[in-house]
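The values are calculated or read from the model by the stated rules, or taken from the named source; none is laboratory data. Here the structure is a predicted model, which means the values were calculated and not measured. Cβ placement follows ideal geometry from the backbone for every residue including glycine, while neighbour counts extend to all protein chains displayed. These area figures cover heavy atoms from the full protein model, side chains too; ligands, DNA and RNA do not enter into them. Shrake-Rupley method; radii C 1.70, N 1.55, O 1.52, S 1.80 Å.
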Amino acid sequence: MDKQKEVLMKVNHLKKYFEIKKGFIRSKIDYVKAVDDISFDIYKGETLGLVGESGCGKSTTGRTIIRLYKPTSGEIIYDGVDLSHKNEKEILPYRKKIQMIFQDPYASLNSRMTIGDIIGEPMDIHNIATGKERLEIIHNLLSKVGLSSGHAIRYPHEFSGGQRQRIGIARALAVNPEFIICDEPISALDVSIQAQVVNMLSDLQKELGLTYLFIAHDLSMVRHISDRVGVMYLGKIVEIGKCDDVYNHPSHPYTKALLSAIPIPEPIVMKEKKRIILEGDVPSPMNPPSGCRFRTRCRYATKKCIEIEPKMREVEKGHFSACHLL
Amino acid sequence: MLWTQDYVSRGDFVENKNILEVKNLRTSFFTHVGEVKAIRGVGFHLKEGEAIGIVGESGSGKSVTSMSIMKLIQDPGKIVDGEIIFKEKDLVEFTQKEMQKIRGNEIAMIFQDPMTSLNPVFTIGNQIIEVIRKHKKMSKKEARKKAIEMLTLVGIPSPDKRVDQYPHEFSGGMRQRAMIAMALSCEPSLLIADEPTTALDVTIQAQILELMKNLKNEINTSIILITHDLGVVADVCSRIIVMYGGLIMEEATSEEIFYNPKHPYTKGLLKSIPKIDLGESQRLIPIEGTPPDLLNPPKGCPFAARCSDSMRICKEKQPPYFYTNEEHRAMCWLLHEDAPKTDTKAKGGIAIG
């Protein structure tokens, strides 16, 4: 990845708060700080993994940068253009460049549409092709994801989970995107099927020069597919860097605990492995702890951690971490 | 290499008493399109204080096995054949009323989804007290004390306050702990955990697994852990059963399963998961194809259609179990002495070190 680091997307101080109305007249407003001031770059042709526990804001990040949500503040710069304040009409051409693959292959396909129409719909919206040409593209896409052209006239219920996820991928590819956000694309699939889909994603990346943002909670799969990885906790990125750096020498206590919690399918390794068991649960994102957000579960937490929020600092080249103890 | 034709597990090799012995269990669902044979002859045993793992993909029959042991199979499902010997009594013969004395008392179960398996309109305490009072002669006060004790045991902070709270006030990990507290409140001799950590995050999963390991050591409960995550069973279980297409494909100690797998399906599973400790990422080797349709189960080995080493006999005749040692058996024709040696693919698994 060192050849030419061309930034495809730059996210600056992105925030996404969800409003909560309370009380009888539903007026008192509280906020869930799902994503709270995060910044990162995604380089052309790379895969950036985003990991964290449920509720840490990784999916919200994905959905905000594709503008399914309007960001509360911050910038999303794609190829030099800020997408954060564009309206629906202005964003349309970018929707063609940025596509998304969703988690649940059962819920993300319209059960009343044929596979051909599902894959063809984005082409209709973006006026890419009609008639014979459209059909040809659909058949090409189906063969690209390992299905046959005969499948185009069938309905989603006739397919298994892995096949449906392939259809979701074909739909995302229909508009020739440059950048695909994969939001937990494999977590609903069986182990033996996961590998099929992951291999297909990396083949497509090589073939079409795609850039991925790969959101998942399966840490070993993220390591497998990503070039760089970002670790999120309570709406913040606590550590980001090259996969090997982060996995081999994690610097943030949260990353260390998270990595030590992965069950490895090797009994001998597991017996010798010392686990860092985190006490308690993730605090509510409605009123996150002051200072460092991880301090309530961190065993190294000091007074400084309560008072001052740690800033991202470079621990080694291209490897950033937000902790006072470094 | 010795091999036997029967499905009966070889409990007679061990001194430690078997608490559970399942013999030739068959469970089917009689749907309007035909009989779905979810389990097609499963046999295994469980010793006192032992933890075994059942792994398999969705549809392999692992959950139906556990539901059959609890006799929670509902219409149109039915246990067609087989025996479930629990403490020298056959549970298949039991009526639902007799089963109610066993369930929750002697055999307890933890379900996958703690959000849906707790009743939202009763407090956590009430739900635990209900279980205790149902099975044990205890006053309300004593039962409440016991409930608080159980919540302390599973590591819920300030249990005397938490006992009066409702499930929605608990987080996912705490609900699963409450479920475990409830399951253990009558000191069952067998605990069946059906995907207990699948809905939880890794850090919470680590907490729950640690808790289960401690409980096994402290109160000597036997555990059947059902999961699709090979890492989870490697951590907790001493013996592992791999299921596929309603049959046990391979059974062995966890070391044998992970370092010396014999069945192509087990090898395939191990090869299709990424290895976290390897520096550079190698390409994953997926198992091509999809699991068999149990409405019309294949005549031969259920894995034959996806197996890269399958022979003609695999499609025609269901293989018997071949034993490579006393505790390691696999249902695969490749282990027959006349079978060709497939040394290139036989490596599989994960190399030690």
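On region A:1-96, 52 percent of the accessible area sits on carbon and sulfur atoms, based on a 1.4 Å probe. Straight Cα distances below 15 angstrom link A:Lys22 to the aspartates and glutamates A:Asp30, with same-chain residues fewer than 8 positions distant left out.
Lysine pairs in region B:143-226 whose alpha-carbon atoms fall under 22 angstrom of each other, counting only those eight or more residues apart or on distinct chains, come to 4. Each label was represented as a point 7 Å from its Cα along the Cα-to-Cβ direction; for B:Ser58 and A:Ala129 these points are 3.2 nm apart. Among the lysines, select those whose C-alpha is under 19 Å from the C-alpha of A:Lys304, and discard any that sit fewer than 8 residues away in the same chain. Within reach: A:Lys236. If I take R0 = 25 Å and measure r between the Cβ atoms of B:Lys136 and B:Glu98 in this structure, what FRET efficiency does the formula 1/(1 + (r/R0)^6) give, to the nearest 0.05? So the FRET efficiency works out to roughly 0.90. Tell me, what is the percent relative contact order of chain A, built from C-alpha pairs under 8 Å that lie six or more residues apart? Relative contact order, chain A: 19 percent. Taking every full run of DSSP H in chain B, none both stretches at least 20 Å from end to end by Cα along its long axis and averages 1.6 or higher on the Kyte-Doolittle scale.
Rolling a 1.4 angstrom probe over the protein heavy atoms with all chains in place gives chain B an accessible area of 44 Å² per residue. Among B:Phe30, A:Phe18, the order of accessible area from largest down is B:Phe30, A:Phe18, computed with a 1.4 Å probe on protein heavy atoms.
Applying 1/(1 + (r/R0)^6) with R0 = 45 Å to the Cβ-Cβ distance of B:Ile285 and A:Lys303 gives a FRET efficiency near 0.30. Note on B:Lys78: lysines with a C-alpha under 18 Å away, same-chain residues under 8 apart excluded, are B:Lys23, B:Lys37, B:Lys62, B:Lys97. Averaged per residue, chain A has 45 square angstrom of accessible surface, using a 1.4 angstrom probe with ligands and nucleic acids left out. For the residues A:Thr114, B:Thr198, a 1.4 Å probe over the protein chains yields an accessible-area ranking, largest first, of B:Thr198, A:Thr114.
Legend: residue pairs A:Lys10/A:Lys317; A:Lys206/A:Lys242; A:Lys86/A:Lys206; A:Lys16/A:Lys97; B:Lys262/B:Lys317; B:Lys275/B:Lys317, Cα-Cα distance threshold 27 Å; pairs beyond threshold, A:Lys86/A:Lys206; B:Lys275/B:Lys317. Within the accessible area of region B:13-155, the carbon and sulfur atoms contribute 51%, probe 1.4 Å, all protein chains present.
The heavy atoms of A:His157 offer some 130 square angstrom of accessible surface to a 1.4 angstrom probe. With a 10 Å cut-off between alpha carbons and a GNM built on chain B, which of B:Asn220, B:Asn325, B:Asn18 moves the most? Per the Cα network of chain B with a 10 Å cutoff, B:Asn325 tops the list. Approximating the spin labels as points 7 Å out from Cα along Cα→Cβ, the B:Asp75-to-A:Lys97 distance works out to 6.1 nm. Per residue of A:267-279, other chain Cβ atoms within 10 Å of the residue Cβ number 5 on average. Each residue was assigned an accessible area with a 1.4 Å probe, and for B:Phe94 the value is about 40 Å². Fully extended, how many nm does the chain gain between B:Ser238 and B:Glu326 (0.36 nm per residue separation, minus their Cα-Cα distance)? Using 0.36 nm per residue and subtracting the Cα-Cα distance, I get 30.2 nm.
A Förster radius of 30 Å combined with the Cβ-Cβ distance from B:Thr116 to B:Asp338 puts the calculated FRET efficiency at roughly 0.05. Using the Cα gyration tensor of region A:115-263, with a ≥ b ≥ c the square roots of its eigenvalues, what is the shape: rounded (a/c below 1.5), prolate (a/b larger than b/c) or oblate (neither)? Prolate is the answer for region A:115-263, as a/c is 1.5 or above and a/b outweighs b/c. Stretching A:Ser149 away from A:Leu326 to a fully extended chain increases their span by 58.2 nm, per 0.36 nm per residue minus the current alpha-carbon distance.
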